[in-house]
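See below for the structure under consideration.
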Amino acid sequence: MKPIFRSRVKKALAILAQSGSPEALIVSGNPSAIRSRDTHFPYRPNSDLFYLTGSTSGEITLVLRPHSKQPVVLIAPPTDPLKNLWEGAPAPIKPLAKFLNAELVTTSDPLKAVLNALRGCTTAYLQSIPGTVSAAAKADLSNRGAHALRGLPTSLVEAEALTAKLRLIKDPSEVAAIKESATITADAIANALPLIEAGVRERDIAAFLEYFYKVHEAEPAFGTIIASGPSAATLHYHALSRKLKKGELVLIDTGAEHNMYASDISRMIPVGGQLSPELKDLYDIVLRAQLMAIKKVRPGVEISEVYKAAATELTYGLKYLGILKGPVSHLMKKGAFKEWFPHGIGHSLGIDVHDASPAKAITLEKGMVVTIEPGLYFQKPTGPLPVCGVRIEDDVLVTTRGHEVLTDGAITKDLATLLTIMGG
Ligand SMILES: [Mn+2]
């Protein structure tokens, strides 16, 4: 067990203690999600529980209550020999309780144990994930009448309001974990390149990337997007039903999750190493927008400024293509680019691919990891362009003076080089 988890628990306790009134945070393991009847989806541990304890258990609940003599409580079920026979024995809980200096409550009624632990608190930070003990406590407390609430918290807040504050800034061990995942993703894309040729199905490439992740002890952090030609006009294209054609771009938007940390890379690959001048222009416009946005990333900068840097470049590009007309300042004021760039500049990245973020308007700070992924999408033939889409994405760490691109091991973004590689 790494000391980092102890210091994260300490930090969470310190935030809770800042309030004058007694507050508590309740974080539970995720239930196993049912796929069909008695078959389950692949298990994904709870991100907040993992962040605070390093545990991937689906059965334990952590209660943090700094005002109490026993500020840390772990609630766990009793040993179930039949369950262990089918699923194997879970990681022992006692060492974790000892490590976190926690009171261990073993019970088959975790809801009752949580409510007991909450006695005397006025505010509780609870989760909303269906099936968690934390969410059950939230439902129980919100359905009680005033009389039945005596001694229990009446102010119920989303747990993420607290955990997102902690998780937004990555410590060096987290940055290292994201880098490892990014390396697996970059290697997967590099190894997929020989597959990319006319006639190959989108799903063949997706299947290869996911195979590559699995043999490297990783999982896809999200549904793999392989979108060739017109498919890329759909932002989150998942049909994977098309065959690649020469002269088109294929969008690869993929990320490995390794040791509970995600990565997220988008690259456009020219099939057959040939592109029309219009598609070359479009690619270069989006790339320039991405590079301008990355250049902006440093502490103290509002994420909206990074977005604006990309949007301005895209507006110049849309003018160059003859799709927009008029002065750029006027077009920017109107947000004319939004028809073709309809999403944000990116998202926080960490344990979750769309990582917890306390607000939309954030000022960049050292230790944040954000994706920078501008794009242009054309749902119908527009100006000189066919139905198509271009998105280019990297994962960027905010450093003391600027930034570090954590995904710079991925295939080049230089179009001339890409055309040579794919044509060779
Ligand atoms: Mn992304």
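Among the residues of segment 353-360, is there at least one that is outside any loop (DSSP other than H, G, I, E, B) and either away from the ligand (no atom under 16 Å from the Cβ) or assigned by TED's automatic domain parsing to the domain that holds LYS413 (or both)?
no
If the requirement is being aliphatic (A, V, I, L, M), touching a residue at least 60 places away in the same chain (Cβ under 8 Å) and open to solvent by 20 Å² or more (accessible area, probe 1.4 Å), which of these qualifies: ILE392, ILE411?
On the way: ILE392 fails: open to solvent by 20 Å² or more (accessible area, probe 1.4 Å).
Selected residue: ILE411, the only one of ILE392, ILE411 that is aliphatic (A, V, I, L, M), touching a residue at least 60 places away in the same chain (Cβ under 8 Å) and open to solvent by 20 Å² or more (accessible area, probe 1.4 Å).
Which one of VAL286, VAL306 is over 30 Å from ALA198 (Cβ atoms), part of a helix (DSSP H, G or I), aliphatic (A, V, I, L, M) and at pLDDT 95 or above?
Values: VAL286 fails: over 30 Å from ALA198 (Cβ atoms).
The unique qualifying residue is VAL306.
Select from segment 257-285 the residues that are more than 18 Å from VAL370 (Cα to Cα) and within 16 Å of the ligand (Cβ to nearest atom) and list them in ascending order.
Of all residues in segment 257-285, those more than 18 Å from VAL370 (Cα to Cα) come to 259, 268-285.
Result: MET268, single match.
Output the number of the condition that THR234 fails; it satisfies all remaining conditions of (1) touching a residue at least 40 places away in the same chain (Cβ under 8 Å); (2) away from the ligand (no atom under 16 Å from the Cβ); (3) out of contact with any helix residue (DSSP H, G or I) (no Cβ under 7 Å at 6 or more places or on another chain); (4) hydroxyl-bearing (Ser, Thr, Tyr).
(2)
Find all pairs meeting these conditions: Cβ atoms under 8 angstrom apart; at least six residues apart or on different chains; first residue within segment 238-255 and in a strand (DSSP E or B); second residue within 16 Å of the ligand (Cβ to nearest atom) and open to solvent by 10 Å² or more (accessible area, probe 1.4 Å).
Partner pairs satisfying both residue conditions: LEU251/TYR237; THR254/PRO220.
For THR254, indicate whether it is within 16 Å of the ligand (Cβ to nearest atom), at pLDDT 95 or above and open to solvent by 50 Å² or more (accessible area, probe 1.4 Å).
No: the conditions fail for THR254.
Examine segment 63-79 for a residue that is of a type in the set (Ser, Thr, Tyr), in contact (Cβ under 8 Å) with a residue 24 or more places away in the chain and within 17 Å of GLY29 (Cβ to Cβ), and state whether such a residue exists.
We begin by selecting, within segment 63-79, every residue of a type in the set (Ser, Thr, Tyr); these are 68, 79.
Still in the list and also in contact (Cβ under 8 Å) with a residue 24 or more places away in the chain: 68.
Filter again for within 17 Å of GLY29 (Cβ to Cβ), leaving none.
No; the residues of segment 63-79 include none that is of a type in the set (Ser, Thr, Tyr), in contact (Cβ under 8 Å) with a residue 24 or more places away in the chain and within 17 Å of GLY29 (Cβ to Cβ).
Just give me the residues in segment 107-132 being of a type in the set (S, T, N, Q), over 25 Å from the mean Cα position of the chain (by Cα) and open to solvent by less than 40 Å² (accessible area, probe 1.4 Å), in sequence order. So that I can check it myself, show each step before the final result.
Within segment 107-132, the subset of a type in the set (S, T, N, Q) is 107-108, 116, 122-123, 127-128, 132.
Restricting the remaining residues to those that are over 25 Å from the mean Cα position of the chain (by Cα) gives 107-108, 116, 122-123.
Within segment 107-132, THR107, THR123 qualify.
For (1) assigned by TED's automatic domain parsing to the domain that holds ARG44; (2) away from the ligand (no atom under 16 Å from the Cβ); (3) in contact with a strand residue (DSSP E or B) (Cβ under 9 Å, 6 or more places away or on another chain), each residue gets a yes or a no:
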site	(1), (2), (3)
ILE323	no, yes, yes
GLY326	no, yes, no
PHE337	no, yes, yes
PHE341	no, no, yes
THR371	no, no, yes
CYS388	no, yes, yes
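Could you give me the residue pairs with C-beta distances under 7 Å whose first residue belongs to segment 332-357 and is at positive phi, whose second residue is within 15 Å of the ligand (Cβ to nearest atom) and in a loop (DSSP other than H, G, I, E, B) wherever it lies, and which are 6+ apart or on separate chains?
That search, which allows pairs on different chains as well, returns GLY346/GLU373.
Go through segment 211-231 and give me each residue that's within 14 Å of the ligand (Cβ to nearest atom) and either within 21 Å of ALA356 (Cβ to Cβ) or surrounded by fewer than 19 Cβ atoms within 10 Å (Cβ to Cβ) (or both).
Initially, segment 211-231 is screened for residues within 14 Å of the ligand (Cβ to nearest atom), giving 220-225, 227.
Result: PRO220, ALA221, PHE222, GLY223.
For segment 11-116, please list each of the helices (runs of 4 or more DSSP H) lying entirely inside it that holds at least 2 residues being aliphatic (A, V, I, L, M) and within 21 Å of SER134 (Cα to Cα).
Working: elements: 47-53, 81-87, 94-99.
It comes to 47-53, 94-99.
The values are calculated or read from the model by the stated rules, or taken from the named source; none is laboratory data. On a predicted model such as this, the values are computed, not experimentally measured, just so you know. Note that we place each Cβ from the backbone using ideal geometry, even for glycine, and neighbour counts take in every protein chain shown. Surface areas here come from the heavy atoms of the whole protein model, side chains and all, with no ligands, DNA or RNA. Shrake-Rupley method; radii C 1.70, N 1.55, O 1.52, S 1.80 Å.
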